Structures are given as C-alpha cells and as structure tokens.
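All remarks here apply to the structure that follows.
Derivation of every value follows stated rules applied to the coordinates shown; laboratory data play no part. What you see is a predicted model; the values in this text were computed from it and never measured. Here Cβ is always computed from backbone atoms with ideal geometry, including for glycine, and neighbour counts include all displayed protein chains.
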Amino acid sequence: MTLVDLANPSRFLAFTDRVLTWLAAATLLAFALGLSQVVAAPDDYQQGATVKIMFIHVPAAWLGIFAWALMSIAALGTLVWRHPLADVAAKAAAPIGAAFTLMCLITGALWGRPMWGTYWVWDARLTSVLVLFLMYLGVIALWRTIDDPTRAARATAVLTLVGAINLPIIKFSVDWWNTLHQPASVLRLGGPTIHPTILAPLVTMAIAFTLLFLTLHLGAMRNEILRRRVRTMRMLQASAAAGH
Amino acid sequence: MNLGPHAAFIVAAYAAAIVIVAGLIVWVVLDRRQLTRALDDLEARGVTRRSERAGEESP
C-alpha cells in the first residue's frame, strides 16, 4: 500500500485497523521501559527528585508544539492540495494537542512551585505556551461552530496557519527574552547539556509519548471519518424522507 | 524510591498526566463506540452511501 492509496478514506480505515493494535502495543512497551528508567534515574544535583517531573513535562511540551506543526502541514494540504484526509488529520489532532499542552502547563506549574517559588509567572515561555493552549481551544470551537466540514476545514486551516507564528516564538522565547524558564537543554546547537543518566529516560519517555500521540491521532482520525459517514448517511436518509 | 521534600508536587504532576491521558483514551474509545452504533443503526434501516450502492450495482 502506497501513501497515495491512503488518501482514500476506506483504505485509510483498513490501514488504521491493521496498524492501531501494534502501535498501542509499542506505546505500552515504550512506557514500561521509560517509566522503569524514570524510577531508576538519579536525582538532579540542584533540583533533587523534582527532575522526575521533567520526564512528562518536556515530552508534553514537545507534543503540544508538534501537534500544531502537524495541523499546519495539514492546513496546507487542505488549502493548497485539497487532500481528502488533510482536514480529518487536523481536526483529530486539535483536542490531542490541546490535552498535551494542558499537561505541559499543569506539570510546569507543579514543577515551578518548589523550584521557582511560584506556580506561574507571566514570562515569555509560559505565556506563549498558554497562548498555544488558547489557540487550540479557538480552533476546536471554530470546528464546532461551522456545520459543513469543508467550510469549517478552510476556516480552521487559515486560523491554524496564522497560529503557527507562535511556534518559533515558543521555541526561541527563552533566547529572545529574559525568562524565569531555563534555556533549551536538549534540542540546541552544541548538543544536549543534560547528563546521560537523565537524558536517556527523557528520550525514552519522549518516544513513548510520541507513540501515544500517533495511536490516539490515528484512532481520532478513524472516528472523524466514521462521523462524516454518519453525517452523509443521515443527510441521505433525510433527503429520502423528504421525497427527493 | 525517595521523592524528597517535594514528593507531593511530583505525585500531583504524574497524577495529572495520568488523568489527561486516560481522558484522551476514553474519549477516543467512547466516540468510536457511539459512531459504530450510529452506523449500524443507519445500515439496519437500509440507509447506504452512494459509493456503497455503486459498488453493489457494479458487476
């Protein structure tokens, strides 16, 4: 099966039915390995055991950004190529991206209180991530406001591409402005500054969270295709009942 | 495993993550169940999509 074949919703459904079980199993295995590494990881010399919050906070932040980047590519697919699955992918990713961004905000606040002495501060990194979360809510609301999926897809695609401006702001906020948040320590020129004993569980947890995202996203895409089938069939039923 | 003086914050962070992930899983599973039921119900009433009818009519 080629990528072009997957553009057909029926073939995509068959593909997800085959892949989802394996993906879910891989996710469980990755989490089992990651969490065992988290338990064995040493405390940080400055932050103590609170460094364990990083193993969920950082992957959640990455996925919050990744989901919007994925939605932006899908938005191009909707507006430029009118790919039949592009808006399905975007719509399915929005609630999942919102959930991971919320997870990033909550775990960040719970990490900030013992380390910074405060749950929240209006600095560039924290505020730009909060803006990302609010944008997710905006996109979800827009999807729900417009009844016709094709019109809703175009409107949300434009909003998504405008919102993509926030992604580099989030990434570079710690470099461009004075913030309480620490600078980049994994994805940076010159390599990670984290000790390998802490970096290894972080990478494994990031892989586990990414697999979880892919599993949930494929499941949500499958649901969205089914939702559109139900909508089409209900319209046909209503049309038949009206005698057309 | 000794989580030190800030154990409550660490436990709360992991609990929040578990609740959010569980919420996402439940949302996907329940949504799928509801949609499958709706599709089965429509098919039982004889409603089919145009593409399915075309497939049935073609040799």
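Observations, loosely collected:
- Sparsely packed trypsin sites (Lys or Arg not before Pro) within segment B:1-50, loop by DSSP, other Cβ within 10 Å at most 16: B:Arg45, B:Arg49
- Computed lengthening from A:Leu13 to A:Val131, 0.36 nm per intervening residue step minus Cα-Cα distance: 39.1 nm
- Rounded to whole numbers, the Karplus 3J(HN,Hα) couplings from phi for segment A:131-147 are 4, 4, 4, 5, 5, 4, 4, x, 5, 4, 5, 5, 4, 7, 6, 9, 6 Hz, using 6.51 cos²θ - 1.76 cosθ + 1.60 with θ = phi - 60°, and x at Gly and Pro.
- When exposed loop sites are taken as chymotrypsin sites (Phe, Trp or Tyr not before Pro) in a DSSP loop with at most 11 other Cβ atoms within 10 Å, the longest stretch of chain A clear of them is A:123-244.
- Hydrodynamic estimate: the Kirkwood radius of the protein assembly as shown over Cα pairs, inserted into Stokes-Einstein at 37 °C and 0.692 mPa s, corresponds to D of 155 µm²/s.
- Cα gyration tensor shape of segment A:152-232, rounded if a/c is under 1.5, else prolate or oblate by comparing a/b with b/c: oblate
- Computed over segment A:34-126, relative contact order equals 27 percent, with contacts defined as Cα pairs under 8 Å that lie 6+ residues apart.
- Of the trypsin sites (Lys or Arg not before Pro) found in segment A:132-234, those in coil by DSSP whose Cβ has at most 12 other Cβ atoms within 10 Å are A:Arg188.
- Span from the segment A:135-202 Cα centroid across to the segment A:7-50 one, whole angstrom: 20
- Averaged over the residues of A:216-225, the number of partner chain Cβ atoms lying within 10 Å of the residue Cβ comes to 4.
- Global geometry of segment A:1-135, whether rounded, prolate or oblate, following the gyration tensor of its Cα atoms and the 1.5 cut on a/c: oblate
- Cα-based shape type of segment A:21-63, given that a ≥ b ≥ c are square roots of the gyration tensor eigenvalues and the cut on a/c is 1.5: oblate
- With contacts taken as Cα pairs under 8 Å at a separation of at least 6 residues, chain A carries a relative contact order of 31 percent.
- Placing a label point 7 Å from the Cα of A:Arg234 along the Cα-to-Cβ direction, the residues of segment B:6-41 with a backbone N closer than 16 Å are B:31-41.
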